[in-house]
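The block underneath contains the structure these notes are about, expressed in structure tokens.
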Amino acid sequence: MDLDGFKKINDQLGHEAGDFVLKEVSLRIENVIQQSTLNGAVFRLGGDEFIVNLSNINKETIEDIANALIRNLSSWDFHIKDFRLSVSIGIVTYSREKQSLDDLLKKADNALYRAKASGKNTYRYF
């Protein structure tokens, strides 16, 4: 996942405001995962990029979670709503066959850039 519009927040409001937003984003991601009652892990890759790792879920559940993340990370009720912060998501599924983390991240990144190219605030599969 990558936040759309985050750079403007850092540039115009400062890094302290950006750090606040990142903390809020982390809490919102955690909340979506907890509400789904799935076991998962959330990692901040760097900057405004996050990874959500979920196991043993079907495509319908993946899409439910992706849509919940989009809803939760695209609605803001305080002064940053004018920045139109949203999220683009790249999704890669994997099975038990061996794939390196690097390969999975490259595939997710490819899907993420297709989500951004299609207008942002959406998700795409690899």
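Six or more apart or on different chains, Cβ atoms under 7 Å: show the pairs whose first residue is in region 64-76 and modelled with pLDDT under 95 and surrounded by 16 or more Cβ atoms within 10 Å (Cβ to Cβ) and whose second is of a type outside the set (S, T, N, Q) and in a helix (DSSP H, G or I). Qualifying pairs under 7 Å: Asn72/Arg28; Asn72/Val32; Leu73/Val25; Leu73/Arg28. Taken together, the residues in region 1-21 that are surrounded by 17 or more Cβ atoms within 10 Å (Cβ to Cβ) and either touching an Asp or Glu at 6+ places or on another chain (Cβ under 8 Å) or in a helix (DSSP H, G or I) (or both) amount to 8. Right, Ser86: closer than 30 Å to Gln12 by Cα, in contact with a Lys or Arg (Cβ under 8 Å, 6 or more places away or on another chain), in contact (Cβ under 8 Å) with a residue 60 or more places away in the chain and surrounded by 12 or more Cβ atoms within 10 Å (Cβ to Cβ) or not? Considered against the rule, which asks whether it is closer than 30 Å to Gln12 by Cα, in contact with a Lys or Arg (Cβ under 8 Å, 6 or more places away or on another chain), in contact (Cβ under 8 Å) with a residue 60 or more places away in the chain and surrounded by 12 or more Cβ atoms within 10 Å (Cβ to Cβ), Ser86 comes out as yes.
Each residue in region 89-108 was checked for being surrounded by 17 or more Cβ atoms within 10 Å (Cβ to Cβ) and part of a loop (DSSP other than H, G, I, E, B), and 1 of them qualify. Considering the conditions (1) over 24 Å from Ala117 (Cβ atoms); (2) outside any strand (DSSP E or B); (3) within 13 Å of the chain's Cα centre (by Cα), Asn67 is excluded by exactly one of them, (1). Here are some conditions: (1) assigned to a strand (DSSP E or B); (2) surrounded by 14 or more Cβ atoms within 10 Å (Cβ to Cβ). Phe43 meets all but one. Which one does it not meet? Exception for Phe43: condition (2).
Criterion first (touching a residue at least 12 places away in the same chain (Cβ under 8 Å) and of a type in the set (Gly, Ala, Ser)) does Gly119 satisfy it? Walk me through how you get there before you give the answer.
Details: touching a residue at least 12 places away in the same chain (Cβ under 8 Å): no; of a type in the set (Gly, Ala, Ser): yes.
Here the answer is no, as Gly119 does not meet what is asked.
Within region 109-125, being in a helix (DSSP H, G or I) and not small (Gly, Ala, Ser) holds for Asp109, Asn110, Leu112, Tyr113, Arg114, Lys116.
The values are calculated or read from the model by the stated rules, or taken from the named source; none is laboratory data. The model shown is predicted, which means the values in this text are computed figures rather than measured ones. All Cβ positions, glycine included, derive from the backbone under ideal geometry; neighbour counts span all protein chains shown.
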